[in-house]
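Each remark here refers to the structure printed beneath this line.
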Amino acid sequence: MPVSLPAALVPILPLLRCPSCGAGLSPGDGVLRCPRRHSFDLARHGYVGLLTGAPATSGDDGPMARARRDFLAAGRYAPVRDAVADLATDAARPATVVDVGCGTGYYLAGVLDALPEAVGLGLDTSAHALRVAARAHERAAAATWDVFRPFPIASEQVDVVLDVFAPRNPAEFHRVLRPGGVLVVVRPFGGHLAELRSQVTHMVTVDPDKERRLHQALDPYFEPARTLEVEYTTPLTRQEAVDLVLMTPSARHVTEAELAVDGELPEQVTVSVLATAYRRR
């Protein structure tokens, strides 16, 4: 039996464009299809598969997606989500939100809770993560996509773009945002997860040059409007500490089995991030 169109995807459809030819998309028989007959499957898990061609080289595998889901559900990053939602309200007309590299949809759901009239779309390369993101909020649709490719979205039709701990494509962020729209970028800084980094071998570090490179990439397209510094210490259970490691890029360098024999893990950790709202130039 063909998969029916998810309700959350209905208000998002006018924004979507065929990745192959740029035409509009319409639903039919468990797919989205353009007038040139390019078609894209609606997965039974609730997301649409727009990513075509060569597979993306990154994205959560099954264990990473599970670790991300479980850790974020514990609420340890709730202040970060609150900051993202706060900055998203700076948009002139916060009606359509696109979360690029959305993972399990945690931050998109928080923004939609803060903006009761808004609808959202989460984009990610990971089908494992999108299975969760498609159920993260009743007004959140989800689709597979690679941030480094031109987005399958019409120009100047998005009010808020979220980029939370995710790769960036400034030219595409600029193209899809409406005038008056807001780009929200969240990235680690300073002593983020310092306690874990000091105890876990191969834990990925915070690049000290990250801020300079971020500004260099965004400056041609955006100007910063408001920045929130979010820094706090949160307690961790051992399983939360393991999940926190395994939901980051560090999971590509250390396994859960290795963590199990790695001795003591910290019982608390410092969260230190910068969240900035940018306006289009």
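The values are calculated or read from the model by the stated rules, or taken from the named source; none is laboratory data. A quick note: this is a predicted structure, and the numbers were derived from the prediction, not measured. Here Cβ is always computed from backbone atoms with ideal geometry, including for glycine, and neighbour counts include all displayed protein chains. These area figures cover heavy atoms from the full protein model, side chains too; ligands, DNA and RNA do not enter into them. Shrake-Rupley method; radii C 1.70, N 1.55, O 1.52, S 1.80 Å.
Brief remarks on what is shown
- Given +1 at the Cβ of Lys and Arg, -1 at the Cβ of Asp and Glu and no other charges, the dipole of segment 87-176 around its Cα centre is 200 debye to the nearest 20.
- The chain, dipole about Cα centre (Lys/Arg Cβ +1, Asp/Glu Cβ -1), debye to the nearest 20: 1100
- Taking the Cα centre of segment 110-256 as reference, the dipole from Cβ charges on Lys and Arg (+1) and Asp and Glu (-1) amounts to some 300 debye.
- Entry note, the chain: relative contact order of 19 percent, from Cα contacts under 8 Å with a spacing of 6+ residues.
- Cα-based shape type of segment 119-167, given that a ≥ b ≥ c are square roots of the gyration tensor eigenvalues and the cut on a/c is 1.5: oblate
- For segment 177-281, GluC sites (Glu not before Pro) meeting the loop criterion (DSSP other than H, G, I, E, B) and having at most 12 other Cβ atoms within 10 Å: Glu264, Glu267.
- Rounded to two decimals, the Cα radius of gyration of the chain over 2.2 N^0.38 Å is 0.99.
- Label-to-label distance, nm, for residues given as Phe148 and Ser20 (7 Å Cα→Cβ offset): 2.4
- Positive dipole terminus of the chain, leading residue within Gly103, Pro224, Ile12 (C-beta point charges): Ile12
- Dipole of the chain [Lys/Arg +1, Asp/Glu -1 at C-beta], most positive-end residue of Pro249, Gly180, Ala277: Gly180
- The portion of the accessible surface of the chain made up by carbon and sulfur, rounded to a whole percent, is 51 (1.4 Å probe; DNA, RNA and ligands excluded).
- Heavy atoms of the protein chains alone define the surface here; on that basis segment 124-194 has 32 Å² accessible area per residue at 1.4 Å probe size.
- Gain on full extension, evaluated as 0.36 nm per residue between Glu156 and His38 minus their Cα-Cα distance, stands at 40.1 nm.
- Low-density loop positions, trypsin sites (Lys or Arg not before Pro), segment 10-68 - DSSP coil, at most 15 other Cβ in 10 Å: Arg36, Arg37, Arg44
- Sequence-separation-based contact order of segment 157-201, relative, with Cα cut under 8 Å and 6+ spacing, percent: 45
- Mean accessible surface per residue for segment 1-96, computed with a 1.4 Å probe while every protein chain stays in place, in Å²: 50
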